[in-house]
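Novice: Quick one: the structure is below, and I'll ask about it shortly.
The values are calculated or read from the model by the stated rules, or taken from the named source; none is laboratory data. Predicted, not measured: the structure shown is a model, and the values here were computed from it. Cβ coordinates were reconstructed from backbone atoms using ideal geometry, including for glycine residues, and neighbour counts include every protein chain displayed. The accessibility values were calculated without ligands, DNA or RNA, using every heavy atom of the protein model including side chains. Shrake-Rupley method; radii C 1.70, N 1.55, O 1.52, S 1.80 Å.
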Amino acid sequence: MRIYAVFVYVFLYTPIAIIALFSFSAGRSASQFEGFSVQWYGRALNNPFVMDALGNSLLVAFISATLASILGTLAAVGLQGVRGPVRAFFDALIYIAVMIPGIVIGIATLIALVTVFDVVNPWLARMWPDDTTPPSLSMGMGSLIAAHTMFTLALVVIIVRARLSGLEGALSEASADLYATPFATFRQITLPLIAPAVLAGFLLSFTFSFDDFIIAFFVAGSETTLPIYIFSSIRRGITPEVNAIGTMVMIASLVLLIIAQLILRRGDKPRR
Amino acid sequence: MTQRARNWLLIAPAGAWLLVMLVVPLSIVFVFSFGERAPSGGYVPAFTFEQYANLPARFTAFQNTLILAPLGTLMALLIAYPLAYQLAVRTSEKWKTLLLVLVIVPFWTSILIRSYAWIFILGGRGLPALLESIGIDDVRLIYTPFAVLVGIVYGYLPLMVFPVYVSLDRLDKRLLEASSDLGAHPVTTFFKVTLPMSVSGIATGCMLVFILLMGEFLIPALLGGGKVFFVGNALVDLFLQSRNWAYGSAVAMMLIVIMLVTVTLYMRLISKLNVQRDDAALM
């Protein structure tokens, strides 16, 4: 049994170890190790395309995770006091968001937005004064942020609701009995109690958005995110530079997720 | 402001976002699936079932998905179960958390990078070269169904271990002792006590993995090399290359329907086994 477990761990970590190892290869070849070097890390960090893609990924992940955390937390709190069809409808929306494959969400968003743009853009052009170039809506950072906010929002609602359902209603009732306004109760009682879940939701959303390839592949338009850059690099042939980028991304995601876990765990301890 | 109005106000922004970015796009896909392809690509309104009638043309993609997704789910379960058992039942508390975290860590690193690692391993200078050195020549691994299967099992294994672990960890260990005290063989104990009590974890794990595999695109694209493609790959091809939106929408609708039917049937089956699901444990 123990040997079996060791085998599974070897299976899980071999590919990751290989990526990390070859990122330190001195040669150009991705399949032969030719001496130790960190040059590919330097090249990756100095590649303007990589940095541009990284910047886009960070920006989209940050904005969509922030929006998702705010909207998701508000909804989770609001849902606490709602029963009946509204709640059932919202639950169904969350269920659909989680259940529909990312690829379907990606294409659905693509054709919906392109259809809307086809209607709006000629209209904008007609409304615009003749001597200036009319603005034209297109796929890009905006559509990326909107789509990522949608699916990470569902995630935040699930996480925050799990935390809320574990809280005792007595505290907020006591607060209300002591004549605190609902807003004061939220700010002073509920929010501190759910803060770990909100923060964990933010970090998870950030990582999901940052890692997402499939939805971004459809809705990014001409913008490039890091996963899109990595995917097209792999298509062109594997180089140690891609390995270096991959290793850095793995380490960064890991650090974020460990932080998220620590925060969640600390929040789970009973407060006295 | 009344309590009710306040709650509504809190839910409204998120609800609106989900409606606009999820329900509206999915509805458009539904509507488009009855339309026709514009001559230059895209969509022209129509009401025809032609796209659905043409679905058999993409039979291979559906076939690959419907064979490899359940097979991948099953293999992930068979590999994950003994590990989850080892962690939940046979490992001391001290090591449990660390070993469990080590299982989850790979899942939290980009599936793109993890899959592409397998191009190395299964490609010409990886395993085939290793096999050649021990006398097994001309083994082709990359761009085969086998490669795709390895990729999906590898990619989703952690997702299977976790729920199975949770259900086994909750299992009252005294039951296992009682069973052996009453003279049951360990194998009997496993099939009569352990396995039935972990059905909920198996159900959750299988459903999660199966749902994700049905929409898979990356792993077949990278490890299948255009030969072993899933419905996801067909969708990318239809929407981005041939720009046949109407037909693509019908394929997407078909995928959703197949998923809904299989998942619903599966949940029926599980609830017949009278099991409480504990998805909440995953969060």
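Novice: Report the calculated FRET efficiency for residue B:257 and residue A:127 (r = Cβ-Cβ distance, R0 = 56 Å), to the nearest 0.05.
Specialist: 0.85
Novice: Please identify the helices of chain A, taking whole runs of DSSP H, that span at least 24 Å along their own axis as judged from the Cα atoms and have a mean Kyte-Doolittle score of -1.0 or higher.
Specialist: A:2-22, A:48-80, A:102-127, A:141-165, A:191-211, A:240-268
Novice: Does a label point 7 Å from the Cα of residue A:136, set along Cα-to-beta-carbon, have any residues of the stretch A:219-239 with amide nitrogen under 17 Å, and which are they?
Specialist: A:221-223
Novice: OK, next. How far apart, in nm, are two points set 7 Å out from the Cα along the Cα-to-Cβ line at residue B:144 and at residue B:96?
Specialist: Going by the 7 Å Cα→Cβ label model, 4.2 nm.
Novice: At 1.4 Å probe size, put A:148, B:185 in order of accessible surface, largest to smallest.
Specialist: Reading off the accessible areas and sorting them downward yields B:185, A:148.
Novice: How do B:137, B:169 stack up against each other in accessible area, from largest to smallest, with a 1.4 angstrom probe?
Specialist: These residues rank, largest area first, as B:137, B:169.
Novice: Continuing with this model, one more query. Give me the summed buried accessible area for the B-A pair, 1.4 Å probe, to the nearest 100 Å².
Specialist: 6800 Å²
Novice: Any idea what the alpha-carbon Rg over 2.2 N^0.38 Å comes to for chain B? Walk me through the numbers on the way to the answer.
Specialist: Working: Rg = 23.2 Å, N = 283, 2.2 N^0.38 = 18.8 Å.
That ratio works out to 1.23.
Novice: Over the protein assembly as shown, with the other protein chains present, what is the accessible area per residue in square angstrom, probe 1.4 angstrom? Each step should come with its number before you reach the end.
Specialist: On the way: 26560 Å² over 555 residues.
Each residue of the protein assembly as shown exposes 48 Å² on average to a 1.4 Å probe.
Novice: Expressed in nm to one decimal, what extension gain is obtained for the pair residue B:40 and residue B:190 from 0.36 nm per residue of sequence separation less their Cα-Cα distance? Could the numbers behind the result be given before it?
Specialist: On the way: separation 150, 0.36 × 150 = 54.00 nm, distance 6.13 nm.
Gain on extension, residue B:40 to residue B:190, equals 47.9 nm.
Novice: Can you give the accessible area of residue A:7, probe radius 1.4 Å, in Å² rounded to 10?
Specialist: Its heavy atoms expose roughly 140 Å² to the probe.
Novice: Work out the mean other chain Cβ neighbour count within 10 Å for the residues of A:89-100 and drop it here as an integer.
Specialist: So the per-residue partner count for this stretch is 4.
Novice: Just the number, please: carbon plus sulfur as a percent of the accessible area of the protein assembly as shown, 1.4 Å probe, no ligands or DNA/RNA counted.
Specialist: Details: 18040 of 26560 Å².
Using a 1.4 Å probe with all protein chains present, the protein assembly as shown comes out at 68 percent carbon and sulfur.
Novice: Continuing with the same structure: For the stretch B:1-72, take N as its residue count and report Rg(C-alpha) divided by 2.2 N^0.38 Å. Walk me through the intermediate numbers first.
Specialist: Working: Rg = 19.8 Å, N = 72, 2.2 N^0.38 = 11.2 Å.
Ratio of Cα Rg to 2.2 N^0.38 Å: 1.77.
Novice: Averaged over peptide A:209-217, how many Cβ atoms belonging to another chain are found within 10 Å of each residue's Cβ?
Specialist: Values: counts 0, 1, 6, 2, 5, 8, 0, 0, 4.
Mean shielding by partner chains, rounded to a whole number: 3.
Novice: Per the Kirkwood treatment, what hydrodynamic radius in Å, one decimal, follows for the stretch A:48-268 from the mean inverse distance over all distinct Cα pairs?
Specialist: Final number for the Kirkwood radius of the stretch A:48-268 is 19.7 Å.
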